[in-house]
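Bear in mind that the values in this text are calculations on the coordinates, not laboratory data. Computed from a predicted model, the values in this text were never measured in an experiment. Cβ atoms come from the backbone with ideal geometry, glycine included; neighbour counts cover every protein chain shown.
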Amino acid sequence: MGFGEAVKLFFKNYVNFSGRATRSEYWWVYLFNNIVYMVLGILFAISGGSSLAAYDAYGDMSIAYMGAGAIFYILMMLYGLAVLLPSLSLMVRRLHDIGKSGTYILMGLIPVVGYIFILVYMLTGSAPDNQYGPKKV
């Protein structure tokens, strides 16, 4: 599965918690989300730098921080909220692909160790046909 197809499926299966998702589908979407966050973060940092220059010139920090930096910060938060459910559904479908229940996603709530378990599960190859459907090719 390619980059574009994975991102398309990600948004198409917005809240589809059933079925399976391949390893490549998961990691392409992971890359896409990180690129979006990186671009918004860079724009936030650049606009934040100009806000600091405005602070030095005008001497009023509260007005300076209400510039473009706030807009990019809000965009980052809105994007995070927009992809929260599809990201959770993608992780559940990825767990289904390796033959695990979607409730294993709750392991991510355990500090450090849970994250390691989730990472290992996301890296694991696809299982053969299972109760969640046939193996995707």
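Lys100: which lysines have alpha carbons under 20 Å from its alpha carbon, excluding same-chain residues fewer than 8 sequence positions away?
Output for Lys100: Lys135, Lys136.
Using amide H atoms built in the peptide plane, which far-off residues or other-chain residues are under 5 Å from Asn130 H to H?
For Asn130, whose amide H was placed from the backbone, the distant partners under 5 Å are Lys135.
Using 0.36 nm per residue, how much length does the chain from Leu81 to Ser24 gain when fully extended, once their Cα-Cα distance is taken away?
18.2 nm
What distance in nm lies between label points placed 7 Å from Cα along the C-beta direction at Ile74 and Asn130?
4.3 nm
Looking only at the range 15-38, which residues have a backbone nitrogen under 16 Å from a spot 7 Å from the Cα of Val137 in the C-beta direction?
Backbone N within reach: 22.
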